[in-house]
Each structure stands twice: as C-alpha cells, then as structure tokens.
1. Would you give the gap between the C-alpha center of region 14-57 and the C-alpha center of region 170-205, rounded to a whole Å?
2. Too long at a 21 Å Cα-Cα cut-off: which of K12/K358; K45/K208; K55/K360; K12/K41; K20/K55?
3. Return the long-range amide H neighbours of R6 (sequence gap of 5 or more, or a different chain), with a cut-off of under 5 Å between placed amide H atoms.
4. How high is the relative contact order of region 131-216, given as a whole-number percent (alpha carbon pairs under 8 Å, six or more residues apart)?
5. Just to confirm my numbers, what's the Cα centroid distance between region 141-167 and region 341-382 in Å?
6. Dipole of region 131-216 (Lys/Arg Cβ +1, Asp/Glu Cβ -1, origin at the Cα centre): which of L153, Y205, I190 lies farthest to the positive side?
7. What ranking do V162, V108, V296, V42 get, fewest neighbouring Cβ atoms within 10 angstrom at the top?
8. Each residue of region 306-317 in turn: what ³J(HN,Hα) in whole Hz from Karplus with 6.51, -1.76, 1.60 and θ = phi - 60°, glycine and Pro shown as x?
Amino acid sequence: MSDQDRVSLEFKGSGSEYFKIWIVNLFLSILTLGIYSAWAKVRRKRYLYGNTSIKGASFEYHASPITILKGRLIAVALLIVYSVLSELFPLVGFFLLILLFAFIPWIVWRSLRFNARMTSLRNVHFSFKGRLGKSYLFYLVIPFIFPLLISSLFSFGYSVLVYEYPIENFYNYFSDLINFPDYYPTEILILTVGSVSMYLLMIPYVQKIKMSYYMNNSCFGQGKFSSNISASKFYLIDILTFLVTAAVFLFPIMIFLLIYGFNAFFDYGSEFLDNVNSIVPVFFIFVAYVFMLSSVFLSTAFFTAKLRNYVYSNTQLNDNISVNSNLNTWNLFWLYLSNFFLMIFTVGLAYPLTIIRKTKYMAETVSVKNVEAFSQFVSQQEQQQSALGEEIGEAFDVGSGIEF
C-alpha cells in the first residue's frame, strides 16, 4: 500500500465558534465560583474532538460533567487541606507532599485510563490497559528511587573506604547524614550531585519507557497499538534539542563580542567605544530577550516535531493500520511564536484562536494508512471510569509526561 493511500486527519473548528464557547464557559465558571468548570471542560473537549475527523468520521468525547465535578471537588478539597496544613504545620505539609509524590503514578494511571475510555471513533472506544505496578516502576522507581539508591551506595561506599564507617551501621547512615551534616559534607555532596546527575542522564530513557508504556498499552476496541521505539533515538533527539537551544542562546553573545572585536581590530577609538557602550546594553538586553524567547519556542518545536514524528512513524494498530506524523519544526516554531504575540497584543482575548490554530496544525499533520480496516473493530464494554485521577492531577499540576 503506497503513501497515496494515507488519509490525514481533518479539523474543521473555527476561532469564532470556539471563542463563543470559551467566553460563555469563562463567564459561567466565574459566576458559579468554578462549579460550571466541569461542564466547561466537557463542552470544550466535545467541540475540539467533534471537529476532528478522519475520512468523515469524527472523534467523540463522552465524559459526564457530573463525574468530572465529583472528581474536581475531591481534588480541590485535597488541595485546600494541603495548603492550610502547609501554612499551619510546615512539617505536616512536607509529609503530605511526600505522600502526594507517592500517589503520582496512581494519578497518571487513572488519568490515562479515563481519558482513553472517554474517547471514541465510529462508536468504538479507546482504552488503556497498562498495569498500575508498571506505572509506579516507570514514574517513580526508575526516575527517582533508582538514582537515589545508586548514589546512596556510592556515598556509603566512600564513607566505608575513606573513613572506615562500620558496614553494619548501614541502616543508621541516613540518620547520621541528617543529624550530623557537618561531619559528612563530602558524602552529602556525592549523594546530591550523584542523584541529580543520574536523574538528568536518565531523562531520555525515562521518556522512552513512559512513551512505550502509553503506546503499547493503548487499545482501540479489541485492537491493540504497538510502538517499536528505542532509547538511543530519544537520547539523540534530546542532545540535538540541547544543541539547538545553546546555539540560539549563544547568538546574541557572539554579536556582542563581534562589536567589541571589530572596534579592537580596526581601532575606531574611544569615541566609538563610548557610543557603543551607551547603546549596546539596551540593544543587548533586547536582543538577548528575543533570542531567549526564540530559543524556548524553537527548542520546544524541534523536540516536539522530532519526537512525535519518530514515535508515530513506528506505531501501528494490530499490525495492519499504521500512523504517521509530518510535523515541521519551523512551521511549529512559527505557530508558537505567532500565538504568543497574538496573546500579548490582544491581552489574552486571542486565546481561543491560538487553541484552534494549534489543534488544527497538530491534527492535520497526522495521517493513517489503511483507514478502511477501522471497520473491523468493535467496542469492548468496560466499567465507567472515575475522573478522580485526572482532576487530582490537574489540581496539583501533575502530568503524565506524554502529552503530545
């Protein structure tokens, strides 16, 4: 089957229509002190999903506002309790934060299950079959506990070899570090720097296992998605993204050095240097800000485009339906940059238009081969999912790390 048989997604939403939905949602949410926000979320998602289609078949969003409201009320109540206790009893607030941290994999897992189940195409529902244990492994153990454990062993080994710390006192080692930090500065440095360094080095690998966990456990009816992706590609994309960001950041510094370099080389004299000194600071600050902003948008566009194109091109549904993405870095960069200035110049009123522009581009750069095979799938009956996990995640600003 050739690439001509690929069918791209279509998005038919308009900025004017979405603006009406957005402004009504905003007004009613304020009027009802946030109660209407659950209905607002459903209206917003149903509009965006309903205007996204493939070969005439539109996606649908099925979540109930009441279900979302219940989850949201519980999430907000927990947020209020955490905020109050943190103010009155900082130590209790700290332990609650640690407890929340331990619940992040559960929140992500419930959110993935809920969002998948509430989405359908041709009356066939998506679903997520990932296990909770794997969520804890990929979102807590490998990214955080593993680097801490390895760094702890290095720190403890240093204490044993250099200071002859008793091996049998291993269980008291951390309490000694906390209670007598002045006696263990090197060990604390090894533990801290080691943990942070290992965490940073493992970021691409963690991105890969999270993406594999999501993709390889996603289903459409009785069909199952499969994604064959490698960590080495994630490392390459991350390294290239860093180089792109660094190059844009260094550009204004190079301009600054060139100005002074030309003056020194051609010996224009002190008068020229005085003029430069009066102009350059303001000019350099402006240029630095522009390039800093551009570097953020460009690196984000580069990373998003390369990563999504790679993952989608290596993803299939039941081995006979393939997905592809052709995001372009420069087009995405311009979208981010123009949306930013639209928001600035309209004091936020262009927000609905920016959402429509981004949704349209992100949708229409996705294509599917062998769309006719969708007719073979039937929806599986599943118990209605609770929105609690998703709403707690939103209340505490917890994401799955795969939102693209």
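Computed from the coordinates by the stated procedures, all read-outs in this text should not be read as laboratory data. What you are looking at is a predicted structure, and each value in this text was computed from that prediction instead of being measured. A quick note on method: Cβ atoms are made from the backbone with ideal geometry, for glycine too, and the neighbour counts reach across all protein chains shown.
1. The two parts, judged by their Cα centres, are 47 Å apart.
2. Beyond 21 Å between Cα atoms: K45/K208; K20/K55.
3. For R6, whose amide H was placed from the backbone, there are no distant partners under 5 Å.
4. It comes to 47 percent, rounded to a whole number.
5. For region 141-167 versus region 341-382, the Cα centre distance is 47 Å.
6. Most positive-ward Cα: Y205.
7. Ranking V162, V108, V296, V42 by Cβ neighbours within 10 Å, fewest first, gives V162, V296, V42, V108.
8. Each residue's phi maps through the Karplus curve to give 5, 5, 5, 4, 5, 5, 5, 5, 10, 10, 9, 10 Hz.
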